[in-house]
Every structure is written in C-alpha cells, then in structure tokens.
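For reference, the structure discussed in these notes is given below.
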Amino acid sequence: MANNTNLGAAKAAKNDEFYTQYADIQKEINAYLEYNPDTFRDKVVLLPCDDPEWSNFTRFFAQNFERLGLKRLISTSYAVESKKYKNYQPTLFETESPMFDIDKTRIKGKIFELTHDTNQNGRIDIDDLEWHYLEGDGDFRSKEVCKLRDEADIIVTNPPFSLFKEFVSWIFEAEKKCLIIGSQGAVGYKEVFPHIMNNRLWLGNGFSAGNAYFGLPKELVREFASGVYDEKTGLVKFRNCCWLTNLEHGRRHEPMKLMSMKDNLRFGRHKDLKENGYRHYVNYDAIEVPYTDSIPDDYLGVMGVPITFLDKYCPEQFKIVGTCENLDIYGLKTRTFTSEECRAAYQRKFGKPGTYDLNAAGVVQMEDGHYEKVYQRILIQKI
C-alpha cells in the first residue's frame, strides 16, 4: 500500500518530523476523559521528542492545563542540528526572549515548563510557558531527559519512527503511563507485543476512519504517492498509524458482536470463508480466521486473527496467547519446516526456483496440497 511504503521510507530515512494535528490530539484525549475525568488530574505530563514551538501536543496540554487539572507540564525538543532543516530560522518567540543564545540555538535542545500563572492574568495557559536550553541536544535517551521521564506520571508524544522500539523500551524501563503514536505494524515488534499480550499496552481510541494526517515542515517535503501529500494543506496521509497507550478508555471494554461458526459459514459475507471453511494451521494448533468480523463466538480453541483485531480487542472477551512468527518465543509451534520444504513450496506456488519462508507465519494446506503462508496473525482464545 502506498501509505505504508511512505511511512517505511520515512523510517528508513530517519525523517521523523511529522506533526500531529490538534483535532486528533483533542479527540483522543477526550476519549480518556469520558471514561475517567480525572485521568490527568494532579499528574506530571512529559512531552518528549517534541518541538514545543510548533507542536500541537504542547499547545493542547498548555491550553487545557486547568481543565485537565495538571500538576506540571514538561515539553522537550531535539536540537536543530539533529534534524534535517536546510534553512533553519529561529522563531520570534525564541529570538525575542532574553534566554536566546545564537550559539546554543542550533546545538542544544529546549525545555518548556508550565506549572503556574506566571503572567498573573488569572489563568494558567500557553502564555505561562517558561523555557530554557537543555544541557544536551534533547535526545530522550540522555540523562537529563531520563531524569524528566522519571519525574513524570504520563508520557505523551509522537516519537521518531526510526526509534520507536527503543522509545517503547525507554517508557517501560521506568514503568510509566503513556499515550504515543506508532505504526500498526509496530505492535508485532518483540519490544512491543509482549506488553500488549500481557495487558500492559493496548490500542487507543484511534484516528477518525483510520486515517492519520500529519503536518510536515516545508524543508522536509519530498515526493509522495498520489493522494498522500496535499500541497494546499501541507498534510501527509497515513492509514497505518495508531495510538498506543496504557490509559483506560471505554471502547477497550466493548465486546465485539460475533456470530457462531455455523452462522458465519452460512450467513457470513466472505465468499472464500463460506466455500472453504475455517482451515487449521499445519504448524500451529489453531484455526485460521482471515477476517476479524468472522471470529466465531463459540469456538473455544486457539484462533489466528488479523492484526487489525487489536483495534476491537476486549480483554474481558478474549485473551491473547501469542503470534505466528519465525522466532516462536511463545513456544506455540507444532511443526518447523525444513529448507527443502520451503524451496518446494516456492517452486509449486511460483513455478520457479526460490525459497518460501514457511516458518515466518501460520501455514495452511490448500486443496491441491501446496502450503500457503497467511499474513501476520495474532493468536487468541475466547475467555
């Protein structure tokens, strides 16, 4: 998919300057407040990997400081020279401040803090932010930002795509609450999935219609596939992004409405499933369920379901037992294919020499006898 390709390219190029829209942040935060109005009350919120002068995260939390009942807001940014700006110019906000230092502005990160009504106008908001330069470049792995992490209750940000695995480990190293943006594919990372399986991390409320639109600095605009980048709005569209969190929200506890296996095969809308039934994996003691809406509510064994299941996952309805993957870190495989079998499967499927890594996924046997890999699957079981 073009959108996936562009997100992958951004990651490979370490082009991580994607700005989240204010409306998306507001919509997501409201989902947690609807479930628990005190989610952020008396909390210290840290926004790392941010750009406080441009970030809508900083703007939202500063403007809603009193409504959320925050105790302290901290926002940090990377130094300019760690980014890819070609013609960087400091903002008037920085140059007109007595803190401005022409030598520091390119090599030092910045920290913005909000705790009280500094201008004494009777309210605490964005105009009360105070800032100074950090000692280092603002990298979240630095000692000074790690110290801020340890002081925080909740970490909220759109972290660098290129450092997502490390960022998640950084959060859980300190056992913090979080709300972050990542690609849907990231849930399968070995640094991420165990947290999801053990209910330490889950998908958030989500972007509207599954579409995420991010701002992109003009200096970093490049060619995108048709329909991905809008020159008029300056927004880049990705369909494979999601919110990941360990903050509770109501949608997470809404069970899916499902039919029985018999009714799915009789009345379901998926022709291939009605014709072929639920296949059993050759290498796992589980059935293949190719569509989330076809999960049978009366099957008590293990099922392999699409990764998009996580968007509708209710922990009171199902438990996650593992994934179909190469490493089999959960010890669920019942069979490992030999190199000869992988080559034979490739030859049979594509009609030419090659290798088909059957051990990297769940495998089903087709009517003509050949082995077929399925897409990435999560293994679940009804509670």
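Assorted remarks:
- Sole residue being more than 21 Å from Ile196 (Cβ to Cβ) and in a helix (DSSP H, G or I), chosen from Tyr346, Tyr278, Tyr299: Tyr346
- Residue among Glu372, Glu325, Glu316 that alone is at pLDDT below 95, charged (D, E, K, R) and assigned to a loop (DSSP other than H, G, I, E, B): Glu325
- Candidates are the residues of segment 343-363 that are surrounded by fewer than 19 Cβ atoms within 10 Å (Cβ to Cβ) and in contact (Cβ under 8 Å) with a residue 12 or more places away in the chain; the one that is nearest to the chain's Cα centre (by Cα) is Ala360.
Rundown of residues vs (1) outside any helix (DSSP H, G or I); (2) at pLDDT below 70; (3) surrounded by 15 or more Cβ atoms within 10 Å (Cβ to Cβ); (4) not hydroxyl-bearing (Ser, Thr, Tyr), yes/no style:
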position: Ala23; (1), (2), (3), (4): no, no, no, yes
position: Leu33; (1), (2), (3), (4): no, no, yes, yes
position: Pro37; (1), (2), (3), (4): yes, no, no, yes
position: Pro52; (1), (2), (3), (4): yes, yes, yes, yes
position: Ser75; (1), (2), (3), (4): yes, no, yes, no
position: Pro90; (1), (2), (3), (4): yes, yes, yes, yes
position: Ile102; (1), (2), (3), (4): yes, no, no, yes
position: Ile107; (1), (2), (3), (4): yes, no, no, yes
position: Phe112; (1), (2), (3), (4): yes, no, yes, yes
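- Residue match in segment 316-324 (condition: among the aliphatic types (A, V, I, L, M), touching a strand residue (DSSP E or B) at 6+ places or on another chain (Cβ under 9 Å) and under 29 Å from Leu201 (Cβ atoms)): yes
- Residue within segment 128-139 that is under 21 Å from the mean Cα position of the chain (by Cα) and either in a loop (DSSP other than H, G, I, E, B) or under 19 Å from Val44 (Cα atoms) (or both) present: yes
- Where Arg251 falls short, out of the listed (1) modelled with pLDDT of 95 or more; (2) of a type outside the set (S, T, N, Q); (3) surrounded by 13 or more Cβ atoms within 10 Å (Cβ to Cβ): (1)
- Verdict on Ile329 being farther than 23 Å from Asp311 by Cβ, surrounded by fewer than 19 Cβ atoms within 10 Å (Cβ to Cβ) and among the β-branched types (Val, Ile, Thr): yes
- Single residue of Ile320, Ile295, Ile378, Ile307 found to be in contact with a Cys (Cβ under 9 Å, 6 or more places away or on another chain) and either among the β-branched types (Val, Ile, Thr) or assigned by TED's automatic domain parsing to the domain that holds Pro194 (or both): Ile378
- Hits in segment 254-289 (condition: crowded, with 19+ Cβ neighbours inside 10 Å and among the β-branched types (Val, Ile, Thr)): Ile287, Val289
- Matching residues in segment 174-225 - criterion: being in a loop (DSSP other than H, G, I, E, B), at pLDDT 90 or above and more than 12 Å from the chain's Cα centre (by Cα): Ala174, Glu175, Lys176, Glu191, Asn198, Asn199, Arg200
The values are calculated or read from the model by the stated rules, or taken from the named source; none is laboratory data. All figures in this text were calculated on a predicted structure; none of them were measured in a lab. Please note: Cβ atoms are built from the backbone with ideal geometry, for glycine as well, and neighbour counts cover all protein chains shown.
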